[in-house]
Amino acid sequence: MCDIDDFLNNRFRFVVGREYYGLEEENKVLLCQNGFSQDDVNDIVFPNAIQKIASLSILKEDEDRNITKKELLE
């Protein structure tokens, strides 16, 4: 027999896409490469970028959910 709780808690991992923390670190590096200091990225730029993306993601129309790199960096 299989211990379901053991399987779900210790042997099973469900990941859709890449893990958040890896993406976060990759994007922070990219923001630094675009002229922001590491402190600004950690404290201001990255949290605001995530908020902007979250705000756009709930808009009804597809075209309203698009943003360019330039627009995001501004």
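The values are calculated or read from the model by the stated rules, or taken from the named source; none is laboratory data. For clarity, every value in this text was computed on a predicted model and none was experimentally measured. A quick note on method: Cβ atoms are made from the backbone with ideal geometry, for glycine too, and the neighbour counts reach across all protein chains shown. What goes into the accessible areas is simple: the full protein's heavy atoms, side chains included, and nothing from ligands, DNA or RNA. Shrake-Rupley method; radii C 1.70, N 1.55, O 1.52, S 1.80 Å.
Computed 3J(HN,Hα) for the range 47-55, one whole-Hz value per residue from the Karplus formula 6.51 cos²θ - 1.76 cosθ + 1.60 where θ = phi - 60°, is x, 5, 5, 4, 5, 4, 5, 4, 5, glycine and proline marked x. Only helical runs count toward this figure. For the chain, summing -39,500 (n - 2.57) over DSSP H runs of n ≥ 4 and dividing by all residues gives -12500 deg cm²/dmol at 222 nm. Think of the chain as having a plus end and a minus end, set by charges on the Cβ of Lys, Arg, Asp and Glu; of Ala54, Asn10, Ile67, Ile67 sits farthest toward the positive end of this dipole.
Along its first, second and third principal axes, ordered by size, the chain spans 58, 34, 16 Å in Cα coordinates. The stretch between Gln51 and Val16 holds 10.5 nm of extra length on full extension. This uses 0.36 nm per residue minus the Cα-Cα distance.
Accessible surface calculations at 1.4 Å, restricted to protein heavy atoms, place the chain at 88 Å² per residue. For the chain, which whole percent of the accessible surface, found with a 1.4 angstrom probe, sits on carbon and sulfur atoms? Solvent-exposed carbon and sulfur of the chain make up 53 percent of the total.
Ignoring trypsin sites (Lys or Arg not before Pro) that are buried or in helix or strand per DSSP, and keeping those with at most 10 other beta carbon atoms within 10 Å, what is the longest stretch of the chain between them? Between exposed loop sites, the widest span is 19-59. Placing +1 on each Lys and Arg Cβ and -1 on each Asp and Glu Cβ, with no other charges, gives the chain a dipole about its Cα centre of roughly 160 debye.
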